[in-house]
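Bear in mind these aren't lab numbers, they're just calculated from the coordinates by the rules spelled out. Keep in mind that this is a model prediction, so the values were computed, not measured. Counting neighbours? That spans all protein chains shown, and the Cβs are built from the backbone with ideal geometry, glycine included.
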Amino acid sequence: MHIPDGILPVPVTAAGYAATAAVTWYSVRKINKKENSRQDIPKTSLLTAAFFVVSWIHIPVPPTSVHLVLNGLLGAILGYFAFPAILIGLFFQAVMFQHGGLTTLGVNAMIMGLPAIIAHYIFRLRRFGNKESRWKTGVFGFISGAIAVAMSVSMFVVILLTNIPADLDVGTERAAIYTLAIAHLPLIAIEGFITSLLAVFLQRVRPRILDGV
Amino acid sequence: MKLGIVDEYSDFGSLLHRWDPRCKLIGLMVLIFAFSFIRDLRMLLAMVVVTTTIYIISKLPVSFIIRRLRYPSFFLLVVVLILPFVSGQTIIMSIGPLDLRQEGLIAVLLIATRFISILTIGLILFGTAPFLTTIKAMRALGLPSILADIVLLSFRYLHEIGSDLQKMQMSMSLRGFDKRGLNIRALSIAAWLSGSILVRSYERSEWVYKAMILRGYGHAPPARGEFQAHSRDVITLGVFLLTAVGFIVGDILYGHGVAALLQ
């Protein structure tokens, strides 16, 4: 789900960078307002590295395998730190593994980061009503994980197919969008399920992590 | 997965290795964006020539770029295989039920050339200086200190956390875990494995913070004068900026115009 270099026109990559700069600025401003934001930097850094490493875990989906995205859980745990964390993770991906790209870093950060922030708010809903319980954590974990990936897939497919420098007719474009969206449905379900299990696991083992940084 | 080390040849002594990292960041990033402007086939040829020349000047081995092209070339393969058959109306030839189209072929050429050229310049940018020096150069150019700290700390612990994951996966294999099937048990184990990595990292971060505080984190004066640009660095930057402008002007002059660029 990372758009590589060489595909998108400059206005789109420039708009991606502008939007990413704005969201990053807003996130950094929110972080700086916290009482002891410095204390959260090592936590965010190590969790950024941990999420990056966890994305190397491959889940077999015959005939191929998929890797975990977990931008929903990242948003749920890191809150406003999630956007810079994703930006940095994507930067590492582009520089170390040539996944994604340098010109498309802004667009890719929006594709992955915006859903993470939305997932943060969805996951917070588990605190409404009665006491926080494991099943509520599981349910909201599933919803935030699945919605985050579904949003990322939708943004990825639409941005890619509407900006590819090729002359695709409307029918082909629509067919490609549907095909790519349907191909990602198992990933959305798996992400939701794993996010749910992970959230319950963290609540059982280290509930402090779910309180966010 | 083996962690991709991009700065393994950063101790070479080429002109690009000696270039001030801040000027190099600006010069090569501007050139990368100029490359992504290109739509004219003649300018594509010039882009290949310039990229090859810069790569030769950098003295980076050819094996370095070939190794690095392996991962992303899967995407390229998909584009090359699909686009010529679905994009455009001018049919050049038919292969069974499939029609090979001229517009699709041109699109493939455009995407592939831009992609490889940008990737090569990116590799030169991060391959001709130690990674940490490049991050410090970004900070010197105005990257917020929070972001710079997170980048430096994450990078510092990526190797260790990656090594934790490898050990845990090896332990799972030795205990007979079969990762081939897709079932609820396999997904649960993947979740618990991920959770263990997150918990370990979270706990380690608390120790790291205490160690950082003991070493005066947040109280040290900001580093000044870490980089010094000489006239040679500024002249090289000027050459790269002019080259980038030349590409944009050339593409406009060759007939695509500003309107085409904005498409």
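Can you tally the lysine pairs in the protein assembly as shown where the Cα-Cα distance is under 15 Å and the two residues are eight or more apart, or on different chains? Please list the in-between numbers first.
On the way: A:K34/A:K43; A:K43/B:K210; B:K2/B:K167; B:K24/B:K136.
Summing the qualifying lysine pairs gives 4.
Per-residue Cβ counts within 10 Å, from other chains only, averaged over B:155-167: what number is that? Walk me through the numbers before you get to the answer.
On the way: counts 9, 3, 8, 9, 2, 3, 8, 5, 1, 2, 5, 2, 0.
Partner Cβ neighbours, averaged per residue: 4.
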Quiz item: So what's the gap between the Cα centers of segment B:19-79 and segment A:74-105, to the nearest angstrom?
Solution: 22 Å
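Give me A:K30, A:K136, A:K43 ranked fewest to most by other Cβ atoms within 10 Å of their Cβ, as a rough exposure proxy. List each step's numbers first, then the result.
Numbers: A:K30 14, A:K136 19, A:K43 23.
Going from sparsest to densest Cβ surroundings: A:K30, A:K136, A:K43.
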Quiz item: In whole Å, what is the distance between the alpha-carbon centres of segment A:116-190 and segment B:129-175?
Solution: 28 Å
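Classify chain B as rounded, prolate or oblate, taking a ≥ b ≥ c as the square roots of the eigenvalues of its Cα gyration tensor: rounded when a/c is under 1.5, otherwise prolate if a/b is larger than b/c and oblate if not.
On the way: a/c = 2.47, a/b = 1.20, b/c = 2.06.
Here chain B falls in the oblate category.
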Exercise. Within segment B:1-61, list the trypsin sites (Lys or Arg not before Pro) lying in a DSSP loop whose Cβ has at most 15 other Cβ atoms in a 10 Å radius.
Key: B:K2, B:K59
Quiz item: For segment A:10-210, what does the alpha-carbon gyration tensor say about shape, rounded, prolate or oblate, given a ≥ b ≥ c as the root eigenvalues, a/c under 1.5 as rounded, and a/b over b/c as prolate?
Solution: oblate
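Does the protein assembly as shown classify as rounded, prolate or oblate by the C-alpha gyration tensor (a ≥ b ≥ c root eigenvalues; a/c under 1.5 gives rounded; else a/b over b/c gives prolate, otherwise oblate)? Write out the running numbers ahead of the final one.
On the way: a/c = 1.83, a/b = 1.23, b/c = 1.49.
Taking the square roots of the gyration eigenvalues as a ≥ b ≥ c, the protein assembly as shown is oblate.
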Quiz item: Out of every Cα-Cα pair in segment B:144-214, what percent are more than 16 Å apart?
Solution: 60 percent
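Sort A:F51, B:F126, B:F74 so the one with the fewest other Cβ atoms within 10 Å of its own Cβ comes first.
Fewest-to-most Cβ neighbours within 10 Å comes out as B:F74, B:F126, A:F51.
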Quiz item: Which of A:S45, A:A148, A:L114 sits farthest toward the positive end of the charge dipole of segment A:10-210, with +1 on the Cβ of Lys and Arg and -1 on the Cβ of Asp and Glu?
Solution: A:S45
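Is there a simple number for the mean count of other chain Cβ atoms within 10 Å of the Cβ of residues in B:105-118, and what is it? List each step's numbers first, then the result.
Working: counts 0, 3, 6, 2, 0, 4, 7, 1, 1, 6, 6, 2, 2, 7.
Taking the mean over all residues of the peptide, I get 3.
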Exercise. Specify which residue in the list B:A190, B:S173, B:L147 is farthest towards the positive end of the charge dipole of segment B:144-214, using unit charges on the beta carbon of Lys, Arg (+1) and Asp, Glu (-1), about the Cα centre.
Key: B:S173
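Taking the Cα centre of chain A as the origin, how large is its charge dipole in debye, to the nearest 20, when only Lys and Arg (+1) and Asp and Glu (-1) carry charge on their Cβ atoms? Each step should come with its number before you reach the end.
Numbers: 16 positive and 9 negative charges, 257 e Å.
Charge dipole of chain A: 1240 debye, to the nearest 20.
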Quiz prompt | Estimated vicinal HN-Hα couplings, Hz - segment A:18-25 in sequence order (Karplus 6.51, -1.76, 1.60; Gly, Pro = x) | solution = 5, 5, 5, 4, 5, 5, 5, 4
